[in-house]
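Submitted below is the structure of interest, expressed as structure tokens.
The values are calculated or read from the model by the stated rules, or taken from the named source; none is laboratory data. Because the structure is a prediction, the values reported are computed rather than measured. All Cβ positions, glycine included, derive from the backbone under ideal geometry; neighbour counts span all protein chains shown.
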Amino acid sequence: MDNFPLLSLITFLPLVGAGFILLVRGEDEVVKRNARSVALWTSLITFLLSILLWINFDTTTAAFQFEERAGWIPAFNISYHLGVDGISMLFVLLTTLLTPVCVLASWESITGRVKEYMVAFLVMETMMVGMFSSLDILVFYVFFEGTLLPMFLIIGVWGGPNRVYAAFKFFLYTLAGSVLMLLAILAMYYAAGTTDMPALMAHRFAPAMQTWLWLAFFASFAVKVPMWPFHTWLPDAHVEAPTAGSVILAGVLLKFGAYGFLRFSLPMFPDASVQFTPFIFSLSIVAVIYTSLVALAQEDMKKLIAYSSVAHMGFVTVGTFTLTLQGIEGAIYQMLSHGVVSAALFLIVGVVYDRMHSRDIATYGGLVHRMPAYALAFMLFMLASVGLPGTGGFIGEFLVLVGAFQVNTWVAALTAIGVILGAVYMLYLYRRVIFGKLTKDSLKDIFDLSPREVAVFAPLVVVVLWMGIYPVPFLDVMDASVVNLIDRFEAARAVTATLAGR
Amino acid sequence: MPIAQVPNLMPALPEIFLACAAMALLMLGVFQKPGPEEEIKTARLISYLSVTTLVLALLLVLTVSGERLLAFGGMFVVDPFAMFFKVLALIASATAIVISRQYLEIQDIARFEFPVLIVLATLGMMMMISANDLIALYLGLELQSLCLYVVAAFQKDDARSTEAGLKYFVLGALASGMLLYGCSLVYGFTGTTGFEGLATQFHGAAGKSPSVGLVIGIVFILAGLAFKVSAVPFHMWTPDVYEGAPTPVTAFFSVAPKIAAIALFVRVMVGPFGDLVAQWQQIVIFISIASMLLGAFAAINQHNIKRLMAYSSIGHVGFALIGLAVGDAVGVRAILVYMAIYLFMTIGTFTCILCMRRNNRMVEEIDDLAGFSKSHPMVALAMAVFMFSMAGIPPLAGFFGKFYIFLAAIEAQLYTLAIIGVLSSVVAAFYYLRIIKVMYFDELTDSLDKPIGREMAAVLVGTGLVVLLFFGFLAPVVSGAEGAAAALFAG
């Protein structure tokens, strides 16, 4: 298996599927049917291949595995370099898990331009997997930015009434952040002479330069995470995007930012990271508390979940910058569980939206009487989002708080308020939608989950419970890499300290 | 001892061939049977022959050796730099003729003079690219410009077209006058017009400040050249001429003459005046920033797609000039890559614009594209690819153009310029996205004509694939550009 380009295969297989769909011709109905099944099978096969990745993953080493390298622009020392370590491997799996779920979730709700829709999702998958597995910073940037194209079209073509505004806001916000990162990448290339990420991690940038580079990367990642106050694109994009678009946005795209912090900011700019830690903590705490309160006031279900995402990502940034083993592993764990849980919650909203075409909480109430299975699934994911022990959300939040306590009690205490507020707004939402008497006439003949929808939720339920009950397999994967990240960080700081002391 | 030696004209073989071929085509056209039916046939014949001529000239350019060769007493130079730009200019002209045929026939202005004028203009461009003397520079520039003035007004029954031609002529003449005045000042203060002579005079004078008259001369030359590449503040003619001229002419204007003028700009600035970089770098930086900002902001409110493309091209010139502001081999390499990519994006975009017909009449409002993705899925997809590429989104070609430009700026530590550049590219992304929005998000109102024609489809597929798959053959293009840029700095 050593020379088999498994990562490239996982990355580009969806693109092959997309090309195949483009070639489909014939009757309208036939084309739609074929496009759907090609997309489903391609993404399922991709998922199975990525399981191979996990099976063959060596958890004892922090080195990059499944490495592939090919010359791209030899004159510039830029190469097509792929590989995963304990930090990125699970995100590849998250992506490949969510894509077939998205395809299945859009099976009936998307009726116009099905062919283009499926192509957009498969291209999206290629870009996302490529982003998590690239080990060359230029390749990374190409995939990172490449996600904008399909997402712009997904929101703009298949979105809600205000989709144009949302699509533009999403695109321009993200682009503005990332062009600054591009300049930083160029400056790094100029300083270090390479775009290879392992080499850049070993390179020591001058402290003054680190500050500027860190800020440029921050501009891009803070928009992507999103951190308060750069989050305003998110509620718009989430609300207007079609259900599957929200799933990908919340499930995977939001992880780009925090992943970027772990992959670039911490290992490459350690001094600047320490310098900016209080800044990150402050923004994160504001995000956790403020957006939780905002979520409490929402009348639109999707908007509520969107704001809850900002709050949860606040946990992730706190955990990342605690620079403790528990904090960082908690942050990664929180990202994975949030990826599954928020995706599931958007799907939950999608289920009733498909039936009633309304996202207003006021439209619903008493759904438990007509939709018991739905209420059960909703409850599970709602509790996972709150962080109930036994679900994936608990492990992540717990580890983050443990990490935060080691660094600063106040940060931990203030972040913990977010846990309480999270319970408040999620339970409140659940009560209003599910419980109570079924009084509204329009809801009298609403039907429960269809077999297809059960198939959508089943894998997510399994993953959420598994992550909550037996987290060891996940933590094992990331352990070596996180320890290595912290060791190198400490070493780099020690060098700086001796230089400063001299 | 022979009394007169036959000079070696081999370096100029492509130009000589093109000149003779243009004359022959003209004769061939004149001696055809008259009559409206025959006229279209003649126009078609001459179009095909012109494209063939340009392709042959392209092959000739490639056969001339890669070394630096001089001809006509040192007034004419052939080096890899010239070859690179000549290839681009010839591709641009040939495709412009290919995509113009259908339009000219629909507008009932299919005349054989059109392709011949394009060939002659191309000849002028190639002379500009190879100019190694202020006089040769002016000769090439004027040969090109005169042909352009005529083709701008080619739709002679249309008020907008004639206005465009006249406007272009008056302002172009003014710019040529400024350029010539600058040349005369430079000659007056240095006593030579040859680029090599000028370079030797300024060599070693880098530390000292040159005389004021010379600086004024250089500034005048710069102004004239800025006019030709339509950089701010000498851009005023561009939107009007682009909007008024027949669309294939606009397509031609936005690529071939621009490529030639950029080549000339680069050669003049880094060649003879290379050692005076301290005198002109500030000006180029200003021109570059102003062009990028104006190109980004002024295009936002445009409704006419040709006018929008005019502002877009101003913006692109601003980006390319960043490379010149850097002023070294890295910067020039970036310009070469950028212009190569710009050529394919722009030709592709204009081919899409030429497909915008309703009931056999051209339409050019952006709103006419509403629902284009439903009526013409493949053309709309191509257009979307070109627009995303122009906005500089990876993995499309336009991104790599900007990548090399900003890499050069960062290496030269022109951070402010780079930051203004990337931010204006975000603003510019807005109006490129707007076109995609109209095509994909808006509902189909009134469908545009189908089919688009075979040659248009071929050009679209070709340029689209180049833009889409550019990352695959990045390495050869970059190394070609590297060689070309190095040649300019070797001498």
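What are the residues in the range B:357-378 that are in contact with a helix residue (DSSP H, G or I) (Cβ under 6 Å, 6 or more places away or on another chain) and crowded, with 23+ Cβ neighbours inside 10 Å, if any?
Within the range B:357-378, B:Leu369, B:Phe372, B:Ser373 qualify.
Mind counting the residues in the range B:1-36 that are at pLDDT below 80 and within 23 Å of B:Ala57 (Cβ to Cβ)?
The number of residues fulfilling the criteria is 3.
A further question follows. Looking at A:Asp58 and the list (1) exposed (fewer than 14 other Cβ atoms within 10 Å of the Cβ); (2) within 30 Å of A:Ile110 (Cα to Cα); (3) more than 14 Å from chain B (Cβ to nearest Cβ), which single condition is not satisfied?
(2)
Scanning for something among the basic types (Lys, Arg), in contact with a helix residue (DSSP H, G or I) (Cβ under 9 Å, 6 or more places away or on another chain) and surrounded by 18 or more Cβ atoms within 10 Å (Cβ to Cβ), does the range B:152-172 turn up at least one residue? So that I can check it myself, show each step before the final result.
Within the range B:152-172, the first condition is being among the basic types (Lys, Arg), and the residues that meet it are B:156, B:160, B:167.
With in contact with a helix residue (DSSP H, G or I) (Cβ under 9 Å, 6 or more places away or on another chain) added as a condition, the list becomes B:156, B:160, B:167.
Filter again for surrounded by 18 or more Cβ atoms within 10 Å (Cβ to Cβ), leaving B:167.
For the range B:152-172, residues among the basic types (Lys, Arg), in contact with a helix residue (DSSP H, G or I) (Cβ under 9 Å, 6 or more places away or on another chain) and surrounded by 18 or more Cβ atoms within 10 Å (Cβ to Cβ): present.
Taking the range B:227-248 on its own, how many of its residues are touching a Ser or Thr at 6+ places or on another chain (Cβ under 7 Å) and among the β-branched types (Val, Ile, Thr)?
So the answer is 2.
May I pose another question? Search the range A:66-84 for residues being aliphatic (A, V, I, L, M) and closer than 9 Å to A:Leu135 by Cα, and hand back the single one that is farthest from the other protein chains (Cβ to nearest Cβ). Step through it out loud before you land on a result.
The initial filter retains those residues of the range A:66-84 that are aliphatic (A, V, I, L, M), namely A:70, A:73, A:75, A:78, A:82, A:84.
Restricting the remaining residues to those that are closer than 9 Å to A:Leu135 by Cα gives A:82, A:84.
Details: A:Leu82: 15, A:Val84: 21 Å.
That would be A:Val84.
Among the candidates B:Arg101, B:Arg111, single out the residue that is charged (D, E, K, R) and either closer than 20 Å to B:Ala173 by Cα or part of a helix (DSSP H, G or I) (or both).
On the way: B:Arg111 fails: either closer than 20 Å to B:Ala173 by Cα or part of a helix (DSSP H, G or I) (or both).
It is B:Arg101.
Please tell me if A:Pro100 is more than 27 Å from A:Ile10 (Cβ to Cβ), more than 8 Å from chain B (Cβ to nearest Cβ) and in contact (Cβ under 8 Å) with a residue 60 or more places away in the chain.
Values: more than 27 Å from A:Ile10 (Cβ to Cβ): no; more than 8 Å from chain B (Cβ to nearest Cβ): yes; in contact (Cβ under 8 Å) with a residue 60 or more places away in the chain: yes.
Considered against the rule, which asks whether it is more than 27 Å from A:Ile10 (Cβ to Cβ), more than 8 Å from chain B (Cβ to nearest Cβ) and in contact (Cβ under 8 Å) with a residue 60 or more places away in the chain, A:Pro100 comes out as no.
For B:Pro233, all conditions in the list (1) of a type outside the set (Asp, Glu); (2) more than 28 Å from B:Met356 (Cβ to Cβ); (3) in a helix (DSSP H, G or I) hold save one; what is the number of the exception?
Unmet condition: (3).
Here is a further query. Hey, can you tell me all the residues within the range B:364-380 that are of a type in the set (A, V, I, L, M) and within 15 Å of B:Lys437 (Cβ to Cβ)? Break it down into steps so the answer makes sense when it comes.
Residues of the range B:364-380 that are of a type in the set (A, V, I, L, M), as a first pass: B:366, B:369-370, B:378-380.
Across the range B:364-380, the qualifying residues are B:Ile366, B:Leu369, B:Ala370, B:Ala380.
Here's a follow-up. State which residue is nearest to the other protein chains (Cβ to nearest Cβ) when the search covers only the range A:205-214 and only residues that are hydrophobic (A, V, I, L, M, F, W, C) and in contact (Cβ under 8 Å) with a residue 24 or more places away in the chain. Can you show your working first?
Quick first cut of the range A:205-214, residues hydrophobic (A, V, I, L, M, F, W, C) only: A:205-206, A:208-209, A:212-214.
Now drop any that are not in contact (Cβ under 8 Å) with a residue 24 or more places away in the chain, which leaves A:205, A:212-214.
On the way: A:Phe205: 14, A:Trp212: 9, A:Leu213: 12, A:Trp214: 16 Å.
Ranking the candidates gives A:Trp212 first.
Another question, if that's okay. Go through the range B:160-211 residue by residue and tally those that are aliphatic (A, V, I, L, M), under 24 Å from B:Ser130 (Cα atoms) and at pLDDT 90 or above.
Count: 8.
Also, quick follow-up: Given the structure, is B:Tyr342 free of Cβ contacts under 8 Å to residues at least 40 places away in the same chain and either facing chain A (nearest Cβ under 10 Å) or buried (at least 21 other Cβ atoms within 10 Å of the Cβ) (or both)? Lay out the reasoning, then the answer.
Numbers: free of Cβ contacts under 8 Å to residues at least 40 places away in the same chain: no; either facing chain A (nearest Cβ under 10 Å) or buried (at least 21 other Cβ atoms within 10 Å of the Cβ) (or both): yes.
When the stated conditions are applied, B:Tyr342 does not pass them.
Let me ask another. Working carefully through the options A:Leu149, A:Leu172, A:Leu182, A:Leu135, find the one that is crowded, with 24+ Cβ neighbours inside 10 Å and within 10 Å of another protein chain (Cβ to nearest Cβ). Walk me through it before giving the result.
Numbers: A:Leu149 fails: crowded, with 24+ Cβ neighbours inside 10 Å; A:Leu172 fails: crowded, with 24+ Cβ neighbours inside 10 Å; A:Leu135 fails: within 10 Å of another protein chain (Cβ to nearest Cβ).
After ruling out the rest, the residue left standing is A:Leu182.
Which condition does B:Phe471 not pass, out of (1) over 17 Å from B:Gly323 (Cα atoms); (2) within 9 Å of chain A (Cβ to nearest Cβ); (3) surrounded by 20 or more Cβ atoms within 10 Å (Cβ to Cβ), if it passes all the others?
(3)
Looking at A:Glu125, A:Glu108 in this structure, which one is touching a residue at least 60 places away in the same chain (Cβ under 8 Å), part of a helix (DSSP H, G or I) and either within 30 Å of B:Ala481 (Cα to Cα) or more than 9 Å from chain B (Cβ to nearest Cβ) (or both)? Spell out how you get there, then give the answer.
Values: A:Glu108 fails: part of a helix (DSSP H, G or I).
Being touching a residue at least 60 places away in the same chain (Cβ under 8 Å), part of a helix (DSSP H, G or I) and either within 30 Å of B:Ala481 (Cα to Cα) or more than 9 Å from chain B (Cβ to nearest Cβ) (or both) holds for just one of A:Glu125, A:Glu108, which is A:Glu125.
Give the residue, chosen from A:Leu449, A:Leu438, A:Leu460, that is in a loop (DSSP other than H, G, I, E, B) and either closer than 30 Å to A:Leu44 by Cα or touching a Pro at 6+ places or on another chain (Cβ under 8 Å) (or both).
Details: A:Leu438 fails: either closer than 30 Å to A:Leu44 by Cα or touching a Pro at 6+ places or on another chain (Cβ under 8 Å) (or both); A:Leu460 fails: in a loop (DSSP other than H, G, I, E, B).
Going through A:Leu449, A:Leu438, A:Leu460 in turn, the sole match is A:Leu449.
Within the range B:352-433, considering only helices (runs of 4 or more DSSP H) that don't extend past its boundaries, which have at least 3 residues that are at pLDDT 90 or above, more than 11 Å from chain A (Cβ to nearest Cβ) and within 30 Å of A:Lys115 (Cα to Cα)?
B:377-391
In the range A:185-204, how many residues are within 9 Å of chain B (Cβ to nearest Cβ) and either within 19 Å of B:Phe430 (Cβ to Cβ) or surrounded by fewer than 18 Cβ atoms within 10 Å (Cβ to Cβ) (or both)?
Residues flagged as within 9 Å of chain B (Cβ to nearest Cβ) and either within 19 Å of B:Phe430 (Cβ to Cβ) or surrounded by fewer than 18 Cβ atoms within 10 Å (Cβ to Cβ) (or both) within the range A:185-204 amount to 1.
Of the residues that sit in the range A:195-239 and are of a type in the set (S, T, N, Q) and out of contact with any Asp or Glu (no Cβ under 9 Å at 6 or more places or on another chain), which one is farthest from B:Val422 (Cα to Cα)?
First pass over the range A:195-239, keeping only residues of a type in the set (S, T, N, Q): A:195, A:210-211, A:220, A:232.
Retained after the next criterion (residues that are out of contact with any Asp or Glu (no Cβ under 9 Å at 6 or more places or on another chain)): A:220, A:232.
Details: A:Ser220: 13, A:Thr232: 22 Å.
The residue in question is A:Thr232.
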